[in-house]
Each structure stands twice: as structure tokens, then as C-alpha cells.
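Right, one structure below, let's go through it.
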Amino acid sequence: MDRVVAQGPFDLLHPGHVHYLSEAATMGEKLHVIVARDENVTHKPSPIIAGKQRVEMVEALDPVDSARLGDP
């Protein structure tokens, strides 16, 4: 079974995120998503939405098989 891993902060979920994850899902049988923790987001301002809530939102998307917070 081919597994695909996608990652990102997914703060303020928008259609671009849905497109990214939909495309990633086509590359394998299972899509696992790692949601960046607040302290690991260094390329832009800290996320507005709490990490656990971002995981819940990403996991609710059809193409996603599982989502979790990344390592600290």
C-alpha cells in the first residue's frame, strides 16, 4: 500500500489547502497529514487557530485518511 504524507500549518483553511490535499491523495492509497505545531511555524506569523482545531478541520476533509500534530 502506498502512503502519502502532506504537511503544513493549515491555518485558516482555504480552497488552496483542499486542492493541495486532494492532489496529494491521488499519489497513493492513504493520505496522512502532519499539521505543524505553532512553535514550528517560522516562515510566517504564528497560527491564529489552535493546533488541535486545525487537526480536526484537516481530518474532516474527504481526501484525508488521518491527521496529527507534528513533533515539537
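Descriptive notes on the structure:
- Which numbered condition residue 68 fails, given (1) open to solvent by less than 100 Å² (accessible area, probe 1.4 Å); (2) without any contact (Cβ under 8 Å) to a residue 60 or more places away in the chain: (1)
- Some residue of region 10-33 being touching a residue at least 12 places away in the same chain (Cβ under 8 Å), open to solvent by less than 90 Å² (accessible area, probe 1.4 Å) and acidic (Asp, Glu): yes
- Some residue of region 1-8 being modelled with pLDDT of 95 or more and of a type in the set (Gly, Ala, Ser): yes
- Among the residues of this structure, residue 49 counts as one that is assigned to a loop (DSSP other than H, G, I, E, B) and surrounded by 11 or more Cβ atoms within 10 Å (Cβ to Cβ).
- Within region 24-46, if we keep just the residues that are modelled with pLDDT of 95 or more and outside any strand (DSSP E or B), the residue that is farthest from residue 2 (Cα to Cα) turns out to be 37.
The values are calculated or read from the model by the stated rules, or taken from the named source; none is laboratory data. Just so you know, these numbers come straight off a predicted model, no measurement behind them. Methodologically, a virtual Cβ is constructed for each residue, glycine included, from the backbone with ideal geometry; neighbour enumeration extends over all protein chains shown. Just the protein is used for accessible areas: all its heavy atoms, side chains included, with ligands, DNA and RNA removed. Shrake-Rupley method; radii C 1.70, N 1.55, O 1.52, S 1.80 Å.
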